[in-house]
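The values are calculated or read from the model by the stated rules, or taken from the named source; none is laboratory data. Note that the structure is predicted; figures quoted are calculated from it, not measured. So basically every Cβ, Gly included, is an ideal-geometry build from the backbone, and we count neighbours across all protein chains shown. For the accessible areas, the whole protein counts, side chains as well, though only heavy atoms, and no ligand, DNA or RNA atoms are used. Shrake-Rupley method; radii C 1.70, N 1.55, O 1.52, S 1.80 Å.
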Amino acid sequence: MSEKIQSLRGMPDILPLDAPVWQYLERTAAAVLSSYGYAYLGTPLLESTALFTRSIGAATDIIEKEMYTFADRNNESVSLRPEGTASVVRAMLQHGLLQTPGQKVWYQGPMFRYEKPQRGRSRQFHQIGAEVFGLAGPDIDAELLAMSARLWEVLGISGNLRLEINSLGSATERQRYRQHLHDWLALHKAELDDDSLRRLETNPMRILDSKNPDMQALIGAAPKLFDHLGDTSREHFDQLMAILDCMNISWQHNHRLVRGLDYYTHTVFEWVTDDLGAQGTVCAGGRYDGLVELHGGAAIPGIGFAMGQERLVALLQQLPQDFARQPDVYLIIADQSLQQQAIVLAEQLRDQLPELRLLTNMGGGSMRAQFKRADRSKAQIALVLGADEWATDQITVKWLRNQQDQVAVSLQELGKWLQQNLNS
Ligand code: ATP
Ligand code: MG
């Protein structure tokens, strides 16, 4: 026998048992996004490597070490997308969709990063993201956050999440602070760990993001970006906070929040939970006012977020709720000569009741075996089609989950009967 091939490390399957919660998350998110006027945009999983290197920033984790990059058969450098925003910007520009301000789009699908697989971190993972173009905020910043807050509310996980927020200021302010931070950290070189020493020259702001406990005192004492913002940036931040307060959305100012990607400006935020261990950020985003220009477009501002579906699914799985939709009906064929009639009957029921979840027994089997399958299927009722029933145009209905008596229902009335008696 040949060896069984396994999936790649960090690239999990989504198994049927987990599928209902994934689908619940996706349809709930799609409904909320659509209610705020976001349109779906699908982009390919594979893009030119240059698309990502240009926008994400050379000294970021993604570009330094996480991208799946390879030469295709034509020797072009291509990469599996590590995130969605770059592709969305490319697509909006490529199809001339940025002419009118206020374009809102969302996307969903797998992303790829070569990371060390662990709880809450895989190499193929999934994001649902939203992006808005042509609006400089802070009104749209506030609406975007309200939309995410509403999604948590609808999903029933708002009690598990808190909003952390910061401002990175304009590109110029950020650049100036970066230099200032660099000079300050250079004076404390002896206290930096290896990772931070490496980042000191390439991306000193990422040092603030370090999870190393030994670094926390130093990071706490480091100069704060927020103290280096000009009036306009501060006003943007203050106005956003004021709108959030009006909507009763609580927030925490996290001065260390710098985000891993280079393209952010002004508002940055993360929704964080304490219920998932170390990987607690379930949604992250911010404003990227220079990104469209960086991709060869006009100076069009943008803002967006991406949520990690695996982490949201993990939160949803902690709820007592059962997301699976069980079948309503299991059709038992007591007499195998009626197989054909049974299949036809099942199709007629589906015509009448498009919502009906119906399993027809396949592959024969004794009554005992079929009832066992019916029971295992978790259907509410079994329909038994036998020779006697067929001869009198009837079917026997047996309740599988309670003690109600079995009844005979005429085949003509069956659709109506099911509609009235099934609790869905
Ligand atoms: P981290 O600091 O955890 O590496 P990040 O800044 O790289 O996060 P983003 O690029 O902002 O993450 O991605 C947005 C969200 O996507 C994250 O908050 C998380 O929920 C999810 N995510 C990112 N990388 C992974 C991964 N490797 N596995 C599972 N989910 C992920
Ligand atoms: Mg990361």
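Below are the figures for this structure:
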item	result
Max mean-square fluctuation residue, GNM over the chain, Cα-Cα springs under 10 Å, options GLN380, GLN340, GLN108	GLN340
Cut-off under 5 Å, modelled amide H: who pairs with HIS295 long-range	none
Phi-based couplings in Hz for segment 113-130 (Karplus 6.51, -1.76, 1.60; Gly and Pro marked x)	9, 7, 10, 6, x, 7, 4, x, 9, 10, 8, 10, 9, 10, 10, 10, x, 9
Net dipole in debye of the chain [+1 Lys, Arg Cβ; -1 Asp, Glu Cβ; about Cα centre; nearest 20]	720
Accessible-area composition of segment 342-385, carbon plus sulfur, in percent [1.4 Å probe]	55
Portion, in percent, of the accessible area of segment 1-56 that falls on carbon or sulfur, probe 1.4 Å	58
Antiparallel DSSP beta bridges within segment 329-421, percent to nearest 5	50
Segment 131-195 versus segment 387-422: alpha-carbon centroid distance in Å	60
Pairs beyond 22 Å (Cα-Cα), from LYS104/LYS224; LYS189/LYS224; LYS65/LYS116; LYS4/LYS65; LYS65/LYS189	LYS104/LYS224; LYS4/LYS65; LYS65/LYS189
Cα-only Debye scattering, segment 47-88: base-10 log of I(q)/I(0) at q = 0.33 Å⁻¹	-1.24
Proximal lysines relative to LYS378, as straight alpha-carbon distance under 28 Å, when same-chain residues fewer than 8 apart are discounted	LYS398, LYS416
MRE, 222 nm, helices only [DSSP H, n ≥ 4, -39500 (n - 2.57), over the chain, to nearest 500]	-10500 deg cm²/dmol
Selection from LEU33, LEU358, PHE323 lying farthest towards where the dipole of the chain points positive, charges on Cβ	LEU358
Sulfur and carbon atoms: percent of accessible area, segment 235-326 [1.4 Å]	48
Per residue solvent-accessible surface (Å²) - the chain, probe of 1.4 Å	50
Interchain or long-range residues, amide H under 5 Å from GLN394's placed H	LEU411
Amide H contacts of LEU135 (H built 1.01 Å from N, under 5 Å, at least 5 apart or other chain)	GLY102
Most mobile listed residue (GLN336, GLN239, GLN103) in the chain, GNM with C-alpha springs under 10 Å	GLN336
Packing-based ranking, highest mean first, of 320-329, 267-276 given that Cβ atoms within 10 Å are counted	267-276, 320-329
Antiparallel bridge percentage (DSSP; both residues within the chain; nearest 5)	80
Rg ratio (alpha-carbon, reference 2.2 N^0.38 Å) - segment 182-304	1.19
The chain: projected area of the alpha-carbon convex hull, averaged over directions, in nm²	28.6
Segment 329-421, relative contact order in percent, only Cα pairs under 8 angstrom and at least six apart counted	30
